[in-house]
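A short write-up of the structure that comes next.
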Amino acid sequence: MVYSRESRIKDVLKSPVGHDVIAKLLMQAGKSMALVENPIVGNIKLKSLPKLSRGLVDDSFVDLLASLFNSVPDTPQPYDGPIQRAWWKEAVVYQIYPRSFQDSNGDGIGDLNGITQRLDYLKELGVDVLWLSPIYDSPNDDNGYDIRDYKAIMKEFGTMEDFNRLLDGVHARGMKLIMDLVINHTSDEHAWFKEALQNPDSPCRDYYLFRPAKDGKTPPNNWTSFFSGSAWNHYPEQSFWALHLFSKKQMDLNWDNPALRSSVYEMINWWLQKGIDGFRLDVINYISKAEGLPDGNETVGKLMGFTGVEHYFYGPNLHRCLQEMHENTFSRYDVMTVGETPGVGIEMAKLLTDERRKELDMVFSFDHLENPGKARFDLYRYDLRCLKEILCDWQQHYGNASWNSLFFENHDNPRMVSKINPDPAFREVIAKLLAVIQFTLKGTPFVFQGQELGMVNASFSSIDELRDIESINLYHELLQKGKSEAEALTIINGGSRDHARTPMQWSGEPNAGFTAGEPWIRPNASYPAINAESEQQDAQSVFAFYKQVIALRHQNPALVYGEFALEPTPRELFCYRRVLDGAEFYIEINLTEQPQKRKAKASAYTPVLSNYTKPLEMLRPYEATIYRI
């Protein structure tokens, strides 16, 4: 089907891009998909949108939508077969942010030997796979996501010998290790980029996206960076510009170049041959850009907050590149892959992860991390009732040919417990509630360091305490827009990535037991009360609960591969069953701070694990219980 201004909404919904773009627009507006699924709205033609929106969008916006819908002709194919079992579907993954995990040499920076020292802790918790955020050589403009040398270890983290020792220690304990792979961009200090600048005839010149100025002095297009400002760096001595979607030192690679792709595949295989067990692929859906790098639509830019994103969030050659990469690398090893895919919805994700298409094993979709209409730096209380709606959509409609990733925290987002309710009285029950959801739904759970302790957001009292380039840039941008220092800092405290990056809280000792030196970022002031040492000795702690629920999942295939059956309940409750081969579990959750009426059937089941000690007639605030039927 070819989409145009004459296409109707009901036809657009048949396109994976069309379905997901409309779903996201509605979500941002706080509306349900039911709005466009009724016959009246379904028959509206795209060309009517400018009039119906009262000028909010124009004809160019409609043409852009049609172009996006036509860019990926593939559609998800039906699959009625059983789930194909795999080790990574049964695994529990633990993300380590090395800079903040454990310092072994007193320089205030976490390192590889520090991780090795804590392997027994991770084994005790019950995790199967460690995911390391980038440890490659880097100038650290974006904390390692600006890679200078893919085959070297960042000096602050140690040596390749330290890495080999860590990998051996992980495997000796029956665990696996995956690395963070950043291949949308490199550092501007990478040998490829330096060669590209110095030698215009070098093959490396086409490894990046260099373009001449639009009119001799302005950037080639109007794309903006995720870290504020234009997405282009100017190199006046060569009279050209180079694209960077992120920081000014993170230069985007040209994935249309076969030589670049071959160089990337060689590097991937080099690591796989060392024995690592897979990769998390950073912003992998951004690697393919629209031909000609056209200007971004201003309306889309206002809606999304970034201009140009429609030309690369799901580029025209994305699937071809991923299939080629899989064939030349991952298919040769028994490994797992998970792609970070901002902006991708459920239908596009099916294409990326359908096992028959041989692209990625899983993706990270981020729709559930914020409530509809909200963004990370908005100041609001997260409503778990919205989480239920999004999770159920994926559980019920993703299908058996694809596999979910289940996560609530990572290195780029504040602590979920604090977003839901910052009242300390509810910290433990909310942390345990999230664990119940994460370990009883269908998918692979990803735990971020400290999540198993119920760690909470920090309180930054000055911009000088922050280290995150995104937060610092936004702070100064807010000041330029007229915010006071106090107002700007309040906004930054609402969504800074540094909330997740404060040191791991090992004990109540100085600096949370993270370092004997001066930590690279101030520890969260909560560490005397929230730390691993005390929680390991407390049978009712969040850590103890995580150990129990992880063990329960490991021991019961029904919690991994079982059918997900949603129970009809009021919106305030989240109740479902997991069923497989005669084994059945019932999960009952109160998503609110208010007591709720318990479903009558729960009294007939056997409680297995709960975030409260004993059941009462009413469900208490944030109560979550797993029953065996």
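Numerical summary
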read-out	value
Verdict on Leu369 being within 13 Å of the chain's Cα centre (by Cα) and buried (at least 20 other Cβ atoms within 10 Å of the Cβ)	yes
Criterion violated by Asp538 - all others in (1) among the charged types (D, E, K, R); (2) in a loop (DSSP other than H, G, I, E, B); (3) in contact with a helix residue (DSSP H, G or I) (Cβ under 6 Å, 6 or more places away or on another chain) satisfied	(3)
Those residues of region 123-143 which are open to solvent by less than 30 Å² (accessible area, probe 1.4 Å), under 16 Å from Arg280 (Cβ atoms) and modelled with pLDDT of 95 or more, in sequence order	Val127, Val129, Leu130, Trp131, Leu132, Ser133, Pro134, Ile135, Tyr136
Selection from region 478-520 of residues that are within 25 Å of the chain's Cα centre (by Cα) and among the acidic types (Asp, Glu)	Asp498
Residue among Gly229, Gly275 that alone is among the small types (Gly, Ala, Ser), open to solvent by less than 50 Å² (accessible area, probe 1.4 Å) and more than 22 Å from Trp131 (Cα to Cα)	Gly229
Residue in region 393-403 that is modelled with pLDDT of 95 or more, in a loop (DSSP other than H, G, I, E, B), of a type in the set (S, T, N, Q) and over 22 Å from Asp538 (Cβ atoms) present	yes
Strands (runs of 3 or more DSSP E) enclosed by region 207-288 - at least 2 residues per element that are under 25 Å from Arg332 (Cβ atoms)	278-281
Scope region 316-358; condition in a loop (DSSP other than H, G, I, E, B) and surrounded by 24 or more Cβ atoms within 10 Å (Cβ to Cβ); matching residues	Thr341, Val344
Within region 3-60, tally of residues that are open to solvent by 60 Å² or more (accessible area, probe 1.4 Å), among the basic types (Lys, Arg) and under 23 Å from Thr75 (Cβ atoms)	4
Near pairs, Cβ below 7 angstrom, 6+ apart or cross-chain, from region 47-67 (at negative phi) to any residue that is assigned to a helix (DSSP H, G or I) and surrounded by fewer than 15 Cβ atoms within 10 Å (Cβ to Cβ)	Pro50/Asp59
Number of positions in region 593-628 that are open to solvent by 20 Å² or more (accessible area, probe 1.4 Å), under 26 Å from Phe543 (Cα atoms), assigned to a loop (DSSP other than H, G, I, E, B) and out of contact with any Leu (no Cβ under 7 Å at 6 or more places or on another chain)	10
Subset of region 376-404 (residues that are of a type in the set (Gly, Ala, Ser) and surrounded by fewer than 22 Cβ atoms within 10 Å (Cβ to Cβ))	Gly399, Ala401
Scope region 243-302; condition free of Cβ contacts under 8 Å to residues at least 24 places away in the same chain and closer than 22 Å to Gly345 by Cβ; matching residues	Lys302
Residue satisfying all of: in region 42-86; at pLDDT below 90 and not in a helix (DSSP H, G or I); nearest to the chain's Cα centre (by Cα) among these	Val72
Count - residues of region 78-88 that are out of contact with any strand residue (DSSP E or B) (no Cβ under 6 Å at 6 or more places or on another chain) and open to solvent by less than 70 Å² (accessible area, probe 1.4 Å)	4
Given (1) under 30 Å from Phe163 (Cα atoms); (2) surrounded by fewer than 17 Cβ atoms within 10 Å (Cβ to Cβ), index of the condition Ser187 fails	(2)
Residue satisfying condition, being farther than 28 Å from Pro73 by Cα and without any contact (Cβ under 8 Å) to a residue 24 or more places away in the chain, within set Glu428, Glu409, Glu389	Glu389
Subset of region 437-464 [exposed (fewer than 15 other Cβ atoms within 10 Å of the Cβ) and in a helix (DSSP H, G or I)]	Asp464
Extreme residue, least open to solvent (accessible area, probe 1.4 Å), among residues of region 203-226 that are more than 16 Å from Leu253 (Cα to Cα) and among the small types (Gly, Ala, Ser)	Ala213
Hits in region 191-206 - residues which are free of Cβ contacts under 8 Å to residues at least 12 places away in the same chain and either under 14 Å from Pro236 (Cα atoms) or in a helix (DSSP H, G or I) (or both)	Lys194, Glu195, Gln198, Arg205
Close pairs from region 151-175: first without any contact (Cβ under 8 Å) to a residue 24 or more places away in the chain, partner open to solvent by 10 Å² or more (accessible area, probe 1.4 Å) and acidic (Asp, Glu), Cβ under 6 Å, at least 6 apart	Ala152/Asp137; Met154/Asp137
Some residue of region 232-242 being buried (at least 17 other Cβ atoms within 10 Å of the Cβ), over 28 Å from the mean Cα position of the chain (by Cα) and either modelled with pLDDT of 95 or more or within 15 Å of Pro294 (Cα to Cα) (or both)	yes
Region 558-573, residues that are more than 21 Å from Glu623 (Cβ to Cβ) and either of a type in the set (A, V, I, L, M) or in contact (Cβ under 8 Å) with a residue 40 or more places away in the chain (or both)	Ala558, Val560, Tyr561, Gly562
Residue count for region 521-539, restricted to those that are in contact (Cβ under 8 Å) with a residue 60 or more places away in the chain and within 24 Å of the chain's Cα centre (by Cα)	2
Among residues of region 543-579, those that are closer than 30 Å to Arg118 by Cβ, out of contact with any Ser or Thr (no Cβ under 7 Å at 6 or more places or on another chain) and either open to solvent by 60 Å² or more (accessible area, probe 1.4 Å) or not polar (S, T, N, Q) (or both), counted	15
Residue within region 359-367 that is part of a loop (DSSP other than H, G, I, E, B), of a type outside the set (Phe, Trp, Tyr), touching a residue at least 24 places away in the same chain (Cβ under 8 Å) and out of contact with any Ser or Thr (no Cβ under 6 Å at 6 or more places or on another chain) present	yes
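Condition check ((1) of a type outside the set (Lys, Arg); (2) over 28 Å from Lys374 (Cα atoms); (3) open to solvent by less than 30 Å² (accessible area, probe 1.4 Å); (4) without any contact (Cβ under 8 Å) to a residue 60 or more places away in the chain) across all residues:
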| position | (1), (2), (3), (4) |
| --- | --- |
| Leu466 | yes, no, yes, yes |
| Leu474 | yes, no, no, no |
| Leu479 | yes, no, no, yes |
| Ala486 | yes, no, no, yes |
| Thr490 | yes, no, no, no |
| Gly495 | yes, no, yes, no |
| Gly508 | yes, yes, no, yes |
| Ser541 | yes, yes, yes, no |
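The values are calculated or read from the model by the stated rules, or taken from the named source; none is laboratory data. In this text, all values refer to a predicted model and were calculated from it rather than measured experimentally. With ideal geometry, Cβ positions are generated from the backbone for all residues, glycine too; neighbour counts draw on all protein chains shown. Surface areas here come from the heavy atoms of the whole protein model, side chains and all, with no ligands, DNA or RNA. Shrake-Rupley method; radii C 1.70, N 1.55, O 1.52, S 1.80 Å.
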